[in-house]
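The values are calculated or read from the model by the stated rules, or taken from the named source; none is laboratory data. Since the structure is predicted, the reported quantities are computational estimates derived from the model, not experimental observations. Cβ placement follows ideal geometry from the backbone for every residue including glycine, while neighbour counts extend to all protein chains displayed. These accessible areas exclude ligands, DNA and RNA; they are computed on the full protein's heavy atoms, side chains included. Shrake-Rupley method; radii C 1.70, N 1.55, O 1.52, S 1.80 Å.
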Amino acid sequence: VDGAVIVVADTSPLLALGKVGQTEILRQLFGHVIIPPAVRAEMVRCIPQLPEWVRVEPVKNAEGARRMAQWVDWGEAEAIELAKELGADRLLIDERKGRKLAMVEGVQVIGVLGVLLLAKKKQLLPSLREPLEKLKKEAGFYLAETLVAEVLKASGEIEER
């Protein structure tokens with residue numbers, strides 16, 4: 001992903017990457033990440049000082065966010081709405097319901113695994129095994145073994161059978 005890429009993020013991927021010491025790859029990949037106020041409110045409970053490359057932008061269409069909040073939490077709803085408003089290249093989100101809703105709303109999504117895979121492809125990470133292990137053990141991230149295998153295959157870390 002090159003040039004001026006617009007990436008809007010939901011809370012959980014940022015916190016998960018933070019718990020495993022990998023938030024810096026977001027800055028390296030995208031330059032900056034944009035979050036709505038609801039995500040900032042959720043973030044500051046865990047990270048009092050946000051990195052300088054995280055920008056907060058308000059949602060203009062609060063009604064659109066309210067409509068989506070019937071199906072997903074407020075942070076996800078604002079993030080999806082903000083991604084739509086900004087014409088974001090990607091929305092960084094992991095929850096299944098939120099991802100589905102974003103795609104229905106025409107927003108391209110990427111999750112933590114997609115970010116790690118992109119970082120590996122751009123040689124920002126030597127291997128995905130350690131970050132994947134840490135996501136499971138330290139961030140309490142649920143990762144299906146089939147998904148881990150797919151990601152490791154895609155990264156070239158395990159051979160196709």
Handout entry: Considering residues of the range 124-161 that are under 21 Å from Cys46 (Cβ atoms) and open to solvent by 80 Å² or more (accessible area, probe 1.4 Å) only, the residue modelled with the highest pLDDT
Key = Lys137
Exercise for the section: Give the number of residues within the range 30-68 that are among the charged types (D, E, K, R) and modelled with pLDDT under 95. Expected result: 3
Practice task
Mind checking which strands (runs of 3 or more DSSP E) fall wholly inside the range 1-113 and carry at least 2 residues that are open to solvent by 40 Å² or more (accessible area, probe 1.4 Å)?
Solution key: 54-56
Problem - Test: residue in the range 97-108 that is among the hydrophobic types (A, V, I, L, M, F, W, C) and in contact (Cβ under 8 Å) with a residue 60 or more places away in the chain - result: no
